[in-house]
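The values are calculated or read from the model by the stated rules, or taken from the named source; none is laboratory data. Just so it is clear, the structure is predicted and the values come from calculations on it, not from any experiment. All Cβ positions, even for glycine, are placed from backbone atoms using ideal geometry, and neighbour counts span all protein chains on display.
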Amino acid sequence: MNQIKREIVVIGSGPAGLCAAIEAARSGAQVLLIDENAKPGGQLFKQIHKFFGSADHRAGVRGLDIGEALLKDAEELKIEVWLNSEACGIFDSTNVWVVRDKQHSITVQAQRIIIATGAVENSINFPGWTLPGVMGAGAAQTMINVNRVLPGHRFLMVGSGNVGVIVSYQLLQAGAAVVAIVEAAPTLGGYGVHTAKVRRAGVPFYTSHTVKEAHGNGHVERATLVRLDEKWKEVAGSEFEVEVDTICIATGLTPAVELAFGSGCMAVNSPALGGLVPVHDETMRSSNTAIYVAGDVSGVEEASTAMEEGRIAGLCAAHSLGYLGQGAYEARLGVLTRNVNALRSGMFGQKRREAKEYIVSSYGAHR
Amino acid sequence: MSSTESREKRLKVDGAVQISELHQTAEYILPDERFTKPVAVIECIESIPCNPCETACPVNAIVIGDDITTLPKIDPTICTGCALCVAACPGLAIYLKQQHWGPSLSYIAFPYEYLPLPQKGAEVTMANRWGEAVCSGTVIKVIKSSRFDRTAIIHASYDSAFYEEVVTMVRL
């Protein structure tokens, strides 16, 4: 089998992986960036809205433009990028088995690995959920914003977190009708400014409601909604139907941890950040000291947070190999840590901040 | 229940704020009849980590400070009505307003990211925070500038009886 050596291998070229690769390369390390997709950028290029945060996080800039800028940085730094390349496993701590173009196996002996594999959409099931027309909100977002295909005309959105309301807004922009956004909880999940955007476009919200059933002959034609009581039980007789041809599920994400756990990284349960995640310290180092994690795989947050975590992982992985003097390293780490903490401030950030603190505090016990 | 909790209650159920909820927010400042030009109005009542409005303002009329979850506060007497913050706000939560722009007419300039765009001079239907039709309006101009990064800003006049109620137009 082919075998090559690289100093740092970054797996996943979404916001976290791209930023990790850029930061590590800037620090002087030799970096190989691997992605299973035909194009780099992960979910960044379907984020057509302007991002939150501050100037440090490129706030006010649309996600796809941030993606373009990062690709340019990666190009200028001459970062080696392998696309259509699947990291199938990590063996003996630092050997990454990669299959390129679904044809060639190659093992990359890395000194450090940064896992930035992102997350997968959660589903909920209900009678009719296998009908064509039921899909993840992220899938619909990819279709409209990347592939420019509108998968339906009348949408039901299940879930009112930021993904649910942002994708609803973008469906309206793509020319679709969003008939309703249902939320099982008694209050809406997303930022008020996002909910206000779709509300003033005439989209109704139904809190304490969920989808009970999807109906249709061969594809979704209608959905039955039902009210939930304070114990989240369906209220008999409260059912009503909406005419929709597509049902989008936006009920959260789960970290894509297979590669990390398969390589032996220890897990910690973080319900607020999507479930089991690799335990890591404040430098994003996992229980396997040669493996770092960043972005949604280390706990589901937002692209802005993923980018800052990626930079931290890239910086610290490079520093652990002897790159950057102690002073320059500490100064940069201070800046990046401040940036990521700013994104976890305020009432919306509190849960995520506490969850991250718990993960980091668990690190010692797992070493 | 604290005022913050009650204020956010309807927002977190309906998806939009009641005007009465806005009035409980010190940072929401609607320019009164003394203003002789449109100035920015900010409807940002949740502490989210965000400050592009402050960064965008060329005259420092909007203040957030080092803690970027602080609600933005505008000084409308400094605001020049340049609309840079309107386009910079990722939440599309800022518009310009003037109460007495013409006889019984108010003025609004709001962000708009849908196609088709209305034409200058067109009669459109102005809408409230729930997307409900409120009154008719006349499009004065449609600004598309590279500085606004693909967010169009629609300037329109409408019946001043609905000065505070109107925030946008019904989509075409």
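A:Ala55 falls short on exactly one of the conditions (1) small (Gly, Ala, Ser); (2) within 14 Å of chain B (Cβ to nearest Cβ); (3) in contact (Cβ under 8 Å) with a residue 12 or more places away in the chain, and that condition is (3).
Scanning the stretch B:35-69 for residues that are in a loop (DSSP other than H, G, I, E, B), out of contact with any helix residue (DSSP H, G or I) (no Cβ under 6 Å at 6 or more places or on another chain) and crowded, with 18+ Cβ neighbours inside 10 Å turns up B:Phe35, B:Pro38, B:Glu43, B:Cys44, B:Ile45, B:Asn51, B:Ala61.
Of the candidates A:Glu330, A:Glu282, the single residue that is of a type in the set (Asp, Glu) and without any contact (Cβ under 8 Å) to a residue 24 or more places away in the chain is A:Glu330. Of all residues in the stretch A:177-191, those satisfying the criterion of being of a type in the set (A, V, I, L, M, F, W, C) and either in contact (Cβ under 8 Å) with a residue 60 or more places away in the chain or at the interface with another protein chain (Cβ under 9 Å from one of its Cβ atoms) (or both) are A:Val179, A:Ala180, A:Ile181, A:Leu188. Name every residue in the stretch A:190-205 that is surrounded by fewer than 22 Cβ atoms within 10 Å (Cβ to Cβ) and within 23 Å of A:Glu234 (Cα to Cα), in order of residue number. Selection gives A:Pro204 alone. In the stretch A:259-270, of all residues being surrounded by fewer than 18 Cβ atoms within 10 Å (Cβ to Cβ) and touching a residue at least 60 places away in the same chain (Cβ under 8 Å), the one that is farthest from A:Gly161 (Cα to Cα) corresponds to A:Gly264. Inside the stretch B:49-64, residues that are in contact with a Cys (Cβ under 7 Å, 6 or more places away or on another chain) and either at the interface with chain A (Cβ under 9 Å from one of its Cβ atoms) or on the phi > 0 side of the Ramachandran plot (or both) make up a count of 3.
Within the stretch A:353-367, if we keep just the residues that are buried (at least 18 other Cβ atoms within 10 Å of the Cβ) and modelled with pLDDT of 95 or more, the residue that is farthest from A:Val10 (Cα to Cα) turns out to be A:Ala355. Cβ-Cβ distances below 6 Å connect the following pairs, each with a first residue in the stretch A:227-241 that is in contact (Cβ under 8 Å) with a residue 40 or more places away in the chain, a second residue that is small (Gly, Ala, Ser), and a separation of six or more residues or different chains: A:Leu228/A:Ala184; A:Leu228/A:Ser208.
Here is a yes/no grid of residues against (1) outside the structural domain of A:Val279 (by TED's automatic domain parsing); (2) at pLDDT 95 or above; (3) within 30 Å of A:Phe261 (Cα to Cα):
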site: A:Ile48; (1), (2), (3): no, yes, no
site: A:Val134; (1), (2), (3): yes, yes, no
site: A:Gly138; (1), (2), (3): yes, yes, yes
site: A:Thr142; (1), (2), (3): yes, yes, yes
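Being surrounded by 17 or more Cβ atoms within 10 Å (Cβ to Cβ), within 25 Å of A:Gly346 (Cα to Cα) and touching a residue at least 24 places away in the same chain (Cβ under 8 Å) is a condition met by at least one residue of the stretch A:146-160. Of all residue pairs spaced 6 or more apart or on separate chains, those with beta-carbon atoms under 6 Å, a first member in the stretch A:30-52 that is within 14 Å of chain B (Cβ to nearest Cβ) and a second member that is part of a strand (DSSP E or B) are A:Ile48/A:Arg62; A:Lys50/A:Arg62; A:Phe52/B:Cys50. Of the strands (runs of 3 or more DSSP E) contained entirely in the stretch A:34-128, those carrying at least 2 residues that are more than 30 Å from A:Asn2 (Cα to Cα) fall at A:119-121.
In this structure, does A:Ala318 turn out to be touching a His at 6+ places or on another chain (Cβ under 9 Å) and in a helix (DSSP H, G or I)?
No: the conditions fail for A:Ala318.
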